[in-house]
Amino acid sequence: MLYEVGQPIMYKIFTLGTRGKASSKDLQTYLDKLDPVSTANYIKVKDGKKMFNPSQLERIKSKPSGMEWDITLLFLTIKWACENVASFSDPAWFTKGAELENCVYLIKTYRNEASHEQLQLTEAEFLDKTKELRDLFINTLKAAQLRYTDHFSVTELHMEIISVNCNVDTIQNEVFGQGDFIARCGSWLLVDIEEECRSELTEKYKHMSNINPVSFTTGNNLSMDVSLIFTNIEIECPEDQSKNIVSHDDFLVEVEKNLSRGRSGARVVQLEGLAGSGKTTLVNLMLKQWCDGMVTIKNLDSYKLVLHMTCKDASTDTYKKFLERSFPCTFTKYRSLLEPLLSKCRILVLIDSFDESNPSSRQLVQDILHQLRSADATIVTTSRPERSDDFQDLVTTSLLTLTNTKIKGIPEGKRVEFILRNHPVVARHSGSGRDTNTVVEELKKLVKNDHFRLALNLILGIWVCDQKPRVLNALTTQTELYYQTVHLSWMKLNQRLSTNPQTRDMERWLRVKRVEEWKLLMYKEQFNALINNQVTLSSEAVDRLRDASFKRQLPADELLGSCLSLKSFTQGVQEYLAPHKGLQDFYSALHLMKRIKEQKPSINVRAALGFDIAKDRTRLRGLQNALQHLAGVLHLDEDMYSDSVLLELINLLEGSGMKEAKQWLDIIADTSPSPTVVATIAKYCRTGTVFYNPIVIEDSRVHACAQLLSNMQRSWVSVNVTDNNVVTSVLPILVRHNVVIREYHTKMLCELAPSNVAVIIKGDPTTFYLEAQEMFRHTCTVLRLWHDYQCPQTISSDTDAILGTILSRNPGVSDLACQLSASVRERLQNSPFMTLLFVSIASDDQAASLMNLIPKLSHLRILRVHVTAGVTPDAITTTLPDIRNDNGDGEVGLLLSDITEGEEDRACEMATKLLPSSLGYSYIRFPRSSLDEAGWWRVLNGLGQNGVRVGYGGVEVPFTSVNEEQQRRLDALSRNTVWAGFGRRAFTEEGW
């Protein structure tokens with residue numbers, strides 16, 4: 001440590017004190033030519049050459065720069081040659097303190113002790129000595145900066161200190177991470193650290209197991225268990241061009257499956273969701289289950305530690321400080337040991353509300369990504385969609401891979417159960433006496449609406465229905481729900497004020513008038529906070545609201561508590577925030593509505609915003625949800641609603657980054673727009689491909705979808721409705737669009753007018769083949785028969801003929817998944833548009849046919865070949881051809897299924913014989929294979945010895961084939977043999 005850290009510091013001081021010496025100039029020559037006014041001690045001695053012994057003089061002459069001198073020689077040169085250094089008789093050299101002379105003397109003394117006494121230190125003594133040296137090195141640099149301030153800036157000092165800390169940490173980690181200490185003590189010490197950290201975290205997370213999303217209406221007494229909330233999460237797997245819908249219990253499993261594919265290091269996932277969709281609730285549920293040990297979320301109990309931060313509250317900016325705050329007692333005890341030992345733990349980091357991050361929390365998240373990039377860690381962040389790109393930027397900077405997931409909310413089939421579980425809790429608190437079954441009947445039709453997929457909306461619906469029966473109906477929009485909720489909160493406030501000693505004698509009309517004035521001021525403060533990306537109101541804003549209540553003779557705490565949540569006390573100051581981000585958005589919309597009304601008769605929504613949109617797009621993006629609510633609020637006011645106002649609002653929403661069809665469909669459902677407005681929305685609505693973001697027709701959106709699709713250019717549409725009558729009603733509209741047909745709607749092929757279709761069948765395609773003659777009327781560009789691709793078997797001549805006819809009548813098929821039957825082989829020879837082919841071969845004849853077929857598909861750029869156990873290596877007489885174009889685009893993936901013990905050599909030979917010349921495989925997967933760790937070890941070694949190389953997708957085996965520890969060992973081997981990672985995968989119906 002003295003040589004690696006102390007010596008560079010001594011050399012730094014030497015160069016600062018001898019600014020006139022060139023690195024190539026001999027020191028003695030430099031000293032002999034010193035100006036007589038120099039402050040160097042060399043000037044003060046009669047025989048300067050006696051300062052150094054012969055060996056030192058030789059070292060000075062042979063290595064003139066000084067960079068390679070040892071600490072003793074550097075100390076002497078500082079003592080005699082540096083400017084502004086005290087004479088050697090000065091007490092500054094020997095008086096302990098912050099003077100530069102004493103600092104360099106102590107470094108030299110430590111060096112002598114280490115060299116001559118051969119110190120034997122225990123682990124505890126080494127920690128103490130490390131701290132002493134770290135402090136000495138930093139103090140030396142600080143003293144040097146004060147002494148040579150003209151040539152050593154504060155910024156340079158800061159960078160040097162960072163370097164010292166990094167270097168000392170590295171050395172300490174080497175000693176504790178690889179030395180006898182870890183061998184003797186590491187395992188039990190790590191167990192102790194995990195237990196002590198868990199104990200502190202459990203105590204810290206206790207208060208997060210219950211939530212009160214309607215505290216502004218109920219006060220702080222309502223407590224709802226987070227485990228009562230149901231959530232479904234949509235996992236998107238872009239590399240496989242598929243989506244998978246899973247419940248919250250399977251969320252972590254799906255994340256790990258998709259993030260461990262051929263990769264090592266931290267797994268990073270972003271959970272996107274609208275305000276109120278349940279993101280924070282899911283985070284709190286994970287914390288509760290991990291603390292309690294009553295785990296239903298799979299894989300959660302595999303994490304030794306679960307760390308949590310909320311971006312809107314974070315004030316630390318480094319991972320180290322974050323650990324210190326997360327478990328201060330444990331950190332104080334273990335200090336520098338804590339971070340390196342925790343890096344050996346399996347850690348889950350939950351980062352909530354990244355979209356509400358402040359500068360400190362953003363820096364902290366960046367440091368967490370950096371520090372854990374190579375660890376066995378899963379990092380989950382939550383964010384609203386309009387801010388999701390911000391996190392993507394951080395992940396890209398950290399050279400990690402991000403998987404985006406979306407929280408869809410509570411599925412329709414679970415909403416009644418949600419009401420049954422949660423209404424009794426609300427009713428007990430409210431004392432309404434309302435029967436839960438009655439509430440269920442009242443809400444049953446209402447909650448089918450799509451906006452009730454959001455957990456917050458369901459809670460609000462339960463509360464309003466409990467307090468004001470029959471106010472809500474099947475046509476209630478999200479904006480109307482929020483309006484009724486806020487109206488109910490003000491009504492409750494006025495009831496309380498009528499009995500409050502401060503206001504009970506005030507005339508009712510005057511009390512209501514003053515409350516109305518005050519709440520308009522509160523809406524304004526919420527809007528100001530929102531445009532500055534703040535959830536918590538500033539102390540100045542709270543003071544203004546208190547002053548406003550005082551002037552109106554209203555009780556400030558009562559008013560603040562009626563619409564805001566009291567977060568905490570910071571340095572004696574109360575901090576208030578909106579009970580939920582969605583309500584802050586709604587409050588802001590009400591403020592904008594007030595501003596717009598003040599403009600009559602000339603209405604300008606842009607002017608109401610109060611800032612220059614062209615210069616500040618970031619603020620506009622943060623207002624997206626508020627503007628959506630404003631559209632709904634305008635619709636409720638007949639005097640304000642007009643096409644021109646709504647059109648201006650639509651343009652602002654487009655400028656805020658609103659792009660998903662679902663969001664535009666919400667606008668249509670909330671505002672009942674004219675055809676002119678819908679036509680404008682249709683121009684802005686961006687749709688995806690067959691697999692990414694097609695417009696989805698659902699039961700609750702049929703009318704809105706019909707309006708939108710009637711005005712849109714040809715788009716991909718997927719039908720997901722349960723009522724066959726509804727399917728029939730939308731058929732005329734679908735003629736104008738591309739339609740995704742799945743196995744549960746194959747009858748649409750019979751009823752739909754000739755259209756452009758994509759057919760995706762996951763299960764047994766028998767029913768599809770029975771109705772396939774209807775395919776002849778349609779133009780098919782995508783045909784994926786996953787069952788035939790994954791489980792190829794002998795198909796009848798009749799079935800083969802049907803498939804051949806479909807392909808012959810649809811030469812434009814560009815995306816195909818099936819087995820290589822005789823008809824398929826024949827038709828594909830004349831398929832000039834084929835760019836993506838998933839094909840399985842189940843016999844030696846099919847293998848030979850494939851080799852002849854592929855060169856004829858000139859536009860093929862992605863090839864996935866599934867080789868079953870029915871193919872022998874002898875049938876492979878040539879490699880797969882290189883399908884890359886002039887730009888180098890093109891990739892081949894190989895799947896070898898059902899590999900069992902004893903077939904390792906066959907698998908290696910098959911992969912070697914098929915290996916595309918100079919291209920390699922983008923991935924190799926082994927679905928339905930049952931080898932153990934030793935078997936996969938043999939496969940990887942065999943592939944490597946045969947020169948097989950794999951790309952970004954790595955080598956993937958069934959999730960149940962090996963455990964996590966085995967996967968890590970195999971990953972290290974795989975990177976040395978086939979130059980790619982080794983991962984585990986769930987081979988689902990569409991996940992091959």
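Would you work out what percent of the accessible area of the chain, with all protein chains in place, is carbon or sulfur (probe 1.4 Å)?
With neighbouring chains kept in place, the figure for the chain is 49 percent.
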For residue 985, the residues 5 or more places away or on another chain with a placed amide H closer than 5 Å to its own amide H are 957, 959
If I take every Cα pair under 8 Å that is 6 or more residues apart in segment 299-371, average their sequence separation and divide by the length, what percent do I get for the relative contact order? 55 percent
Looking at the chain, send over the antiparallel percent of its DSSP beta bridges, to the nearest 5. 20 percent
Phi angles of segment 685-693, converted by Karplus (6.51 cos²θ - 1.76 cosθ + 1.60, θ = phi - 60°) into ³J(HN,Hα) in whole Hz with x for Gly and Pro, give 6, 9, 10, x, 9, 4, 9, 10, 6
How many angstrom separate the Cα center of segment 654-668 from the Cα center of segment 432-494? 25 Å
Residue-averaged 222 nm ellipticity for the chain, from DSSP H runs of 4+ at -39500 (n - 2.57), nearest 500: -15000 deg cm²/dmol
Please list 191-199, 103-111 highest first by mean number of surrounding beta-carbon atoms within 10 Å per residue. 103-111, 191-199
So what is the accessible area of segment 357-403 per residue, in Å², with the probe set to 1.4 Å? 38 Å²
If packing is taken as the mean number of other Cβ atoms within 10 Å per residue, what is the order of 273-286, 79-92, highest first? 273-286, 79-92
Contact order relative to length of the chain, as percent, for alpha carbon pairs under 8 angstrom and 6 or more apart: 7 percent
Here Rg/Rh (Cα, Kirkwood) for the chain equals 1.05
Taking amide H atoms as placed 1.01 Å from N in the peptide plane, list the residues 5 or more away in sequence, or in a different chain, whose amide H sits under 5 Å from that of residue 308. 350
Which listed pairs, of 61/96; 524/683; 406/659; 448/468, have C-alpha distances above 24 Å, in listed order: 61/96; 524/683
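Sorting check: for 965-977, 477-489, which peptide has the highest mean count of neighbouring beta carbons within 10 Å, and how do the rest follow?
477-489, 965-977
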Just the number please: accessible area per residue for segment 572-721, 1.4 Å probe, all protein chains included, in Å². 38 Å²
Å² per residue, accessible surface of segment 1-54 at 1.4 Å: 56 Å²
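The values are calculated or read from the model by the stated rules, or taken from the named source; none is laboratory data. These numbers come from a predicted model, not from an experiment. Cβ coordinates were reconstructed from backbone atoms using ideal geometry, including for glycine residues, and neighbour counts include every protein chain displayed. Keep in mind that these areas ignore ligands, DNA and RNA; they rest on the heavy atoms of the full protein, side chains included. Shrake-Rupley method; radii C 1.70, N 1.55, O 1.52, S 1.80 Å.
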